[in-house]
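Take a look at the structure set out below.
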Amino acid sequence: MKIALVDGHSTGRALVEAVRRRGIPCVHISSSPRMSEYFTRGFDPAWYDACLDATAGPAALAARLASLGVTRVVAGTESGVVLTDTLTHLMALPGNRYETVGARRDKAAMGRAVAAAGLATPLTAEFADADRAATWFAAGGLAEAVVKPPSSAGSDNVRFCRTADEVREACARVLGSRNLYGEPNRAALVQERLHGVEYYANSVSHDGVHRIAELWRYTKRSGAGGHPVYDYEQPVAPDAAQAASVRAFVPAVLDALGVACGAAHTEVMVTARGPVLIESGARLGGGTLPWVIEKYCGTSQTSLLADTLVEPDALRRFDDTAAVRPGELRNVALINSEAGTVRSLDWADRLQQLPTLVALSHGVRPGQRLPVTTDLLSSPGYVYLAAQDPHEVERDYDALRFMESRSLYTG
């Protein structure tokens, strides 16, 4: 058995380690030379038996993988989703339904596929012209809208808008830029803004069987210029009352999108009218340290996917309804409120002194220019806080945010 990872970055780095620990060799495929340094930092080609790129085209790449004995192809991050599904189709390997591949990457097509299955999605329109987007918003009677690129992630160029002028400006920014993975934005999405409680489910599937390895509740805040900024997220126990509707909704979304094998990260807003899909990615959830989740919650999406790749029956045996109570655990996004130059990493030492801090992940370097945090790429990193007493976690969370208000990273 040999596994190929397409764009093995972000949580894909943890997946290759998990697979290798299980004795399975890996091959890496780079889908594009435009990948941001944010993703590629820390990449080590020594983890792989071979490192390939996609320049020769999918058919030639599929033949090369077959000659190397590759038996599974997996997306490491969002940018690898389409190429992964194309390769599994060409190689007749376990994978997702190829006829719906577009709906697993383009959010407009995603919404149409999910709505056609009778599931709730936000009112959405797609525009290649910012003026037309503003006119649509003004005529539609929406109080608020969300503008975003159709094929990105990590709150990249996402903006909350209340007026037609704000919609026009946000769409113009999307249309004039590339997404998180270096791809040009050929359109901008305008959606109704949903209100409620936001969750994400990290799932693993095989042969159409779905299991939710992790369910988390988001807390976000409005940042500079109307951009949503990640604040923190907390795991939700499988038997929690608020989990039931999400756990029923997500497998139906995966079926509608043709997800049959591999990982998925699905974001859902539970509103007054019930669960509504925000978006779903056919890949591992990002911004996570699987070892922390395994320590405090028992199983991570990464470990369950690795087990399933090695032994598919492991997924059927996994009981995703078993209650796990990790105490209080928070994944807290770091937020920089003042642009400036990072003079040292003394701030990291200060955070490490928080009594409930169990892990810190960052890619900040001394001398680096750090912007105000508006999305995933402009966040300094994230920390995990954990304790049995939730008041202890809240205390350290407040202390962290207080330090940030005093220019923690650039002062």
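Run through every distinct alpha carbon pair of the stretch 249-299 and return the Kirkwood hydrodynamic radius in angstroms, one decimal place.
Working: mean 1/r = 0.0801 Å⁻¹.
Final number for the Kirkwood radius of the stretch 249-299 is 12.5 Å.
Could you check the spin-label model distance between ASP346 and LEU377? Points 7 Å from the Cα along Cα→Cβ, value in nm.
3.1
Give me the lysines in straight-line cross-link reach of LYS295: C-alpha distance below 27 Å, same-chain residues under 8 apart excluded.
LYS295 reaches LYS220.
If you take the beta carbon distance between GLN388 and THR271 as r and set R0 to 30 Å, what does 1/(1 + (r/R0)^6) give as a FRET efficiency, to the nearest 0.05? Write down the numbers at each step before the final one.
Values: r = 33 Å, r/R0 = 1.09.
Step by step, r from the Cβ atoms, then E = 0.40.
Want the number for ARG369 to GLU37: 0.36 nm per residue separation, take away the alpha-carbon distance, what's left? Don't jump to the answer; show the numbers that get you there.
Working: separation 332, 0.36 × 332 = 119.52 nm, distance 1.45 nm.
Between ARG369 and GLU37, full extension yields an extra 118.1 nm.
So, with +1 on the Cβ of K and R and -1 on the Cβ of D and E, and no other charges, what is the size of the charge dipole of the chain about its Cα centre, to the nearest 20 debye?
The calculation lands at about 460 debye.
May I ask you to compute the full-extension gain from ALA399 to HIS195, defined as 0.36 nm times their residue separation minus their alpha-carbon distance, rounded to one decimal in nm?
Stretched fully, the ALA399-HIS195 segment lengthens by 70.6 nm.
Once the dipole of the chain is set up with Lys and Arg at +1 and Asp and Glu at -1 on Cβ about the Cα centre, which of VAL372, ALA75, ALA213 lies farthest towards its positive end?
In the chain, that residue is ALA75.
Under 19 Å from the Cα of LYS107, which lysines turn up, not counting those fewer than eight places away in the same chain?
LYS148
Between Rg and the Kirkwood Rh of the stretch 13-78, both from Cα atoms, what is the Rg to Rh ratio?
When Rh is taken as the Kirkwood radius, the ratio is 0.94.
With each run of n ≥ 4 DSSP H residues scored as -39500 (n - 2.57), what mean residue ellipticity at 222 nm is computed for the chain after dividing by its residue count and rounding to the nearest 500 deg cm²/dmol?
Details: 13 runs with 129 residues, N = 411.
That comes out to -9000 deg cm²/dmol.
Between ARG221 and ALA60, what is the label-to-label distance in nm when each label sits 7 Å out along the Cα-to-Cβ direction?
Going from the ARG221 label point to the ALA60 one covers 5.1 nm.
Ignoring any ligand, DNA or RNA, what whole percent of the accessible area of the chain comes from carbon and sulfur when the probe is 1.4 angstrom? Provide the component values of the computation, followed by the final result.
Details: 8360 of 16670 Å².
C and S atoms contribute 50 percent here.
For the pair SER407 and GLU17, how long in nm is the line joining their label points, each one 7 Å along Cα→Cβ?
3.5
With a 10 Å cut-off between alpha carbons and a GNM built on the chain, which of ALA359, ALA272, ALA256 moves the most?
Highest fluctuation among the options: ALA272.
Write down the accessible area per residue of the stretch 284-389 in Å², having rolled a 1.4 Å probe over the full set of protein chains.
Working: 4690 Å² over 106 residues.
So the stretch 284-389 comes to 44 Å² accessible per residue, rounded to a whole number.
Just name one of GLN388, THR410, LEU329: the one whose Cα is farthest towards the positive end of the charge dipole of the chain (beta-carbon charges, Lys/Arg +1, Asp/Glu -1).
Ranked along the dipole, the leading option is THR410.
With charges set only on the Cβ (+1 for Lys and Arg, -1 for Asp and Glu), what does the dipole of the stretch 26-130 come to about its Cα centre, in debye to the nearest 20? If you can, show how the numbers build up before the last one.
On the way: 9 positive and 10 negative charges, 42 e Å.
I would put it at about 200 debye.
Output the Cα-based Rg and Dmax of the chain in Å, rounding Rg to one decimal and Dmax to a whole number.
20.8, 59
The values are calculated or read from the model by the stated rules, or taken from the named source; none is laboratory data. Just so it is clear, the structure is predicted and the values come from calculations on it, not from any experiment. Cβ sites come from the backbone with ideal geometry, for glycine too, and all protein chains shown count toward neighbours. To get the accessible areas, we keep the full protein, side chains included, count just its heavy atoms, and leave off ligands, DNA and RNA. Shrake-Rupley method; radii C 1.70, N 1.55, O 1.52, S 1.80 Å.
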